[in-house]
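First comes the structure, then the notes that go with it.
The values are calculated or read from the model by the stated rules, or taken from the named source; none is laboratory data. If you're wondering where the values come from, they're calculated on a predicted model, not measured in any experiment. Please note: Cβ atoms are built from the backbone with ideal geometry, for glycine as well, and neighbour counts cover all protein chains shown.
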Amino acid sequence: MITAFLMMLATSTSEMPAVPTRLDTVPVIENWQGRSLSPRWSFDAQKVYRRGECHSAVNWRGSQLLEVDVLFLLAGDGTLLKVVPVNSECAEIDNFIGKRVTERLKSSFPASGSAEPQWMKSQVRFLWSD
């Protein structure tokens with residue numbers, strides 16, 4: 001029984017598509033609610049950012065702006081399979097994004113009807129004042 005489970009697990013993970021290396025080849029999730037909700041998480045993101053060795057936020061009109069492109073591996077029914085932040089340059093922020101999306105937005109993704117999982121992308125944004 002354990003062997004059958006391990007074989008099933010190995011099969012299912014081997015069928016997952018590799019993380020894309022070129023963002024321009026990944027379709028955008030149009031009107032994804034996480035893009036509009038993520039600024040509400042800015043206060044929490046700021047605390048996480050400052051705890052880590054993070055330096056990728058930019059000055060924007062007297063505040064700090066952090067925009068992170070995020071890849072999502074989605075099943076055909078919109079089920080979230082994997083979250084991969086790609087340009088935050090901050091492991092703490094990557095973990096924060098993955099946890100927040102998984103906890104609060106896991107059912108916010110559109111169904112594609114595809115038989116195979118596919119990668120899609122969007123962006124989260126955080127803005128805070130120092």
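Okay, residues lined up against (1) in contact (Cβ under 8 Å) with a residue 40 or more places away in the chain; (2) touching a Cys at 6+ places or on another chain (Cβ under 7 Å); (3) assigned to a loop (DSSP other than H, G, I, E, B):
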{"residue": "31", "(1), (2), (3)": "no, no, yes"}
{"residue": "36", "(1), (2), (3)": "no, no, no"}
{"residue": "42", "(1), (2), (3)": "yes, no, no"}
{"residue": "67", "(1), (2), (3)": "yes, no, no"}
{"residue": "71", "(1), (2), (3)": "yes, no, no"}
{"residue": "76", "(1), (2), (3)": "yes, no, yes"}
{"residue": "82", "(1), (2), (3)": "yes, no, no"}
{"residue": "88", "(1), (2), (3)": "no, no, yes"}
{"residue": "108", "(1), (2), (3)": "yes, no, yes"}
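Can you pull out every residue in the range 2-37 that is touching a helix residue (DSSP H, G or I) at 6+ places or on another chain (Cβ under 9 Å) and at pLDDT 90 or above?
Within the range 2-37, just 29 meets the criteria.
Residues that are at pLDDT below 95 and surrounded by fewer than 16 Cβ atoms within 10 Å (Cβ to Cβ) within the range 66-88 comprise just one, 87.
Report the residue count in the range 15-29 for those that are assigned to a helix (DSSP H, G or I) and within 30 Å of residue 129 (Cα to Cα). Working first, answer last.
Step one: list which residues in the range 15-29 are assigned to a helix (DSSP H, G or I), which gives 23-25.
Checking which are within 30 Å of residue 129 (Cα to Cα) leaves us with 23.
Total meeting the criteria: 1.
So for the range 47-54 (the condition being under 20 Å from residue 105 (Cβ atoms) and touching a strand residue (DSSP E or B) at 6+ places or on another chain (Cβ under 6 Å)), does at least one residue qualify? So far as the range 47-54 goes, no, none of its residues is under 20 Å from residue 105 (Cβ atoms) and touching a strand residue (DSSP E or B) at 6+ places or on another chain (Cβ under 6 Å).
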